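Just so it is clear, none of the values below were taken in a lab; they were calculated from the coordinates. Values in this document were obtained by computation on a predicted structure and should not be read as measured data. Counting neighbours? That spans all protein chains shown, and the Cβs are built from the backbone with ideal geometry, glycine included.
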Amino acid sequence: MRNVDIKEITNTIKALALDANCNIGKSFIDELREAIKKEKSEIGRNVLEQIIENDEIALEAHEPMCQDTGMVVVFLEVGYDVHFNGDVYDAVNEGVRQAYHEGLLRKSVALHPISRGNTNDNTPAIIHIKLVDGNQIKITLAPKGGGSENMSLVKMLIPSDGIEGIKKLVLHTIFYAGGKPCPPLVVGIGIGGNLEKSALIAKEALMRDLHDINPDPILAQLETELLEEINRLGVGPMGFGGTTTALAVKIGAYPCHFASLPIAINIQCHASRHKSIML
Amino acid sequence: MKLKTPITKHDILNMKVGDIIYITGTLYTGRDAAHKRMVEALESGFELPIDFSGQVIYYTGPTPSKPNRPIGSCGPTSSYRMDAYSLPLMKKGLKVMIGKGDRSDAFIKDMIEQKAVYLQAVGGAGALLSRKVVKSEVVAYPDLGAEAIYKLEVIDFPAIVTYDVYGGNLIVDEVKKYRNIQF
């Protein structure tokens, strides 16, 4: 049994939230630079240049790259042999509270979906806890913006829709989202499970490394094909037209009911902010 | 093209889709909650907290500013969420709206009739755009926090004309050039 002080969770969440909002990471900026070389639209290239300049300012000045500092999504993978000395959900929310207050990040959480208002500290976070082998804790944190989340969806397809139905839905969704979710995008897709499982898989897919290769050959091929097809939609950087609509497509899958083909599309804007750490 | 606020009728007629505009002067911020409140005020027979004649609304909700900076990160938010509220404000003289993304056909029709224009700034470039702001103050609805109405003084704030009064639509025109797949 490993005893973990929940203060360590709070401090880690705080550090990850502050870092994620200001530091997109060098490899992502490099990816945008590569995209400029391939982008056919002059306006599109200009938009990509402004995004890079923005991300560099944010990093140097340690300021949020985007005013939408998101609702915080946290994945905790907790080893079976870990014992916490307090409420881990409270600890995560305390970390978010401290980061958003001290880091001058925007408090974007409405207190109630109907009557609105504001919780004024950007809590609660959306927290997913998974139990895994061992005595370690992996924490992944992603400030998720509203603009791209608003363009996401879950649809219950049926088996006969097949891969063509999946592709059609993805292309339709990305095309009509246009500039609203701030392309170039990372597109997370969850196929299978049920209603809520597909959405969770799609979100988890967005946490993957931009350059990793899907170990499932069917999904790897679908990722490649969909990326190519999405970039032929013409949407382009910020929807101003062009050939760079998405930088990556990441797909996860799960067994599902034999009557069903659930699909979730979770759209990530170009401020693809997620940070992980192992405790 | 450089533009100074307030915006004249001549300025509006001069703006055509694809023009890159550098605005100097005053922008008023406003997003979902402020728009809802303003339109509800008008419906209840009250006046708006701001005189929008010849003015510009920028759809943004900034992050809190650092002590040494006039404003925090302040990129545009998606404009379509303000479609339902825009006509009453244009009727009160609002001339330019700046945000990101496409908007409804109904909005475009109203906008042309009201002789107003829609511009886009680069979404997600909040840190960069904050460098164009020299001063900011809350002028209405302070209880709304980031969604309050701020008066921003800007120098050469960049935006691109997306819908003009002649029916031009930058998004439709540009996307068509690069689309080569159907679904």
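Of the residues that sit in the range A:225-238 and are in a helix (DSSP H, G or I) and over 19 Å from the mean Cα position of the chain (by Cα), which one is farthest from the other protein chains (Cβ to nearest Cβ)? Steps first, answer last, please.
First, pick out the residues of the range A:225-238 that are in a helix (DSSP H, G or I): A:225-230, A:237-238.
This time we only want the ones that are over 19 Å from the mean Cα position of the chain (by Cα), so: A:225, A:228-229.
On the way: A:GLU225: 11, A:GLU228: 9, A:GLU229: 6 Å.
In this case the residue turns out to be A:GLU225.
Out of everything in the range B:55-87 that is over 23 Å from B:ASP143 (Cα atoms) and touching an Asp or Glu at 6+ places or on another chain (Cβ under 8 Å), what residue ends up being surrounded by the fewest Cβ atoms within 10 Å (Cβ to Cβ)? Per the stated criteria, the residue is B:TYR80.
Of the residues making up the range A:250-279, just one is more than 25 Å from B:GLY75 (Cβ to Cβ), touching a Ser or Thr at 6+ places or on another chain (Cβ under 9 Å) and not in a strand (DSSP E or B), namely A:LEU279. Within the bounds of the range B:118-129, is there any residue that is within 12 Å of chain A (Cβ to nearest Cβ), touching a His at 6+ places or on another chain (Cβ under 9 Å) and either within 23 Å of A:SER41 (Cβ to Cβ) or in a helix (DSSP H, G or I) (or both)? Scanning the range B:118-129, I find at least one residue that is within 12 Å of chain A (Cβ to nearest Cβ), touching a His at 6+ places or on another chain (Cβ under 9 Å) and either within 23 Å of A:SER41 (Cβ to Cβ) or in a helix (DSSP H, G or I) (or both), so the answer is yes.
Selection over the range B:130-183 of residues that are hydroxyl-bearing (Ser, Thr, Tyr), within 11 Å of another protein chain (Cβ to nearest Cβ) and buried (at least 23 other Cβ atoms within 10 Å of the Cβ) gives a count of 2. Looking across the range A:91-125, the residues that are within 12 Å of chain B (Cβ to nearest Cβ), among the hydroxyl-bearing types (Ser, Thr, Tyr) and under 20 Å from the mean Cα position of the chain (by Cα) come down to A:TYR100, A:SER108. Screening the candidates B:LEU89, B:LEU48 for the property of being more than 9 Å from every other protein chain (Cβ to nearest Cβ) and under 14 Å from B:MET111 (Cα atoms) yields one hit, B:LEU89. In the range A:164-180, which residue that is touching a residue at least 24 places away in the same chain (Cβ under 8 Å) and charged (D, E, K, R) is surrounded by the fewest Cβ atoms within 10 Å (Cβ to Cβ)? Among them, the one singled out is A:LYS167.
Selection over the range A:186-204 of residues that are within 16 Å of A:LYS167 (Cβ to Cβ) and among the hydrophobic types (A, V, I, L, M, F, W, C) gives a count of 4.
For every residue, the table says whether it meets (1) surrounded by 15 or more Cβ atoms within 10 Å (Cβ to Cβ); (2) within 9 Å of chain B (Cβ to nearest Cβ); (3) in contact with a Ser or Thr (Cβ under 7 Å, 6 or more places away or on another chain); (4) in a loop (DSSP other than H, G, I, E, B).
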site: A:PHE28; (1), (2), (3), (4): yes, no, yes, no
site: A:GLU34; (1), (2), (3), (4): no, no, no, no
site: A:ARG45; (1), (2), (3), (4): yes, no, no, no
site: A:ASN54; (1), (2), (3), (4): yes, yes, no, no
site: A:GLU60; (1), (2), (3), (4): no, no, no, no
site: A:PRO64; (1), (2), (3), (4): yes, yes, yes, yes
site: A:GLN67; (1), (2), (3), (4): yes, yes, yes, yes
site: A:VAL78; (1), (2), (3), (4): yes, no, no, no
site: A:TYR89; (1), (2), (3), (4): yes, no, no, no
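When the range A:190-224 is limited to residues that are more than 16 Å from the chain's Cα centre (by Cα), free of Cβ contacts under 8 Å to residues at least 24 places away in the same chain and in a loop (DSSP other than H, G, I, E, B), the one that is surrounded by the most Cβ atoms within 10 Å (Cβ to Cβ) turns out to be A:ILE213.
The condition of being charged (D, E, K, R) and in contact with a helix residue (DSSP H, G or I) (Cβ under 9 Å, 6 or more places away or on another chain) holds for only one of B:ASP105, B:ASP164, B:ASP143, that being B:ASP164. Is it the case that the range B:23-33 has a residue that's within 14 Å of chain A (Cβ to nearest Cβ), aromatic (Phe, Trp, Tyr), closer than 24 Å to B:GLU137 by Cβ and touching a residue at least 60 places away in the same chain (Cβ under 8 Å)? The answer is no; no qualifying residue exists. Filtered by the rule that a residue be aromatic (Phe, Trp, Tyr), more than 22 Å from B:ILE112 (Cα to Cα) and in a strand (DSSP E or B), the range B:152-180 gives a lone residue, B:PHE157. When the range B:75-117 is filtered for residues that are free of Cβ contacts under 8 Å to residues at least 60 places away in the same chain, outside any helix (DSSP H, G or I) and within 25 Å of A:THR69 (Cβ to Cβ), the ones remaining, listed by number, are B:GLY75, B:PRO76, B:THR77, B:SER78, B:MET97, B:GLY99, B:LYS100, B:GLY101. All conditions but one from (1) under 19 Å from the mean Cα position of the chain (by Cα); (2) touching a residue at least 40 places away in the same chain (Cβ under 8 Å) apply to A:GLN67; the one that does not is (2). If we scan the range B:124-136, do we find a residue that is closer than 29 Å to A:THR245 by Cα and polar (S, T, N, Q)? Yes.
Here is a check on your reading of the model: is B:TYR163 among the aromatic types (Phe, Trp, Tyr) and under 30 Å from A:LYS167 (Cα atoms)? Explain how you work it out, then say what you get.
Working: among the aromatic types (Phe, Trp, Tyr): yes; under 30 Å from A:LYS167 (Cα atoms): no.
It is false that B:TYR163 is among the aromatic types (Phe, Trp, Tyr) and under 30 Å from A:LYS167 (Cα atoms).
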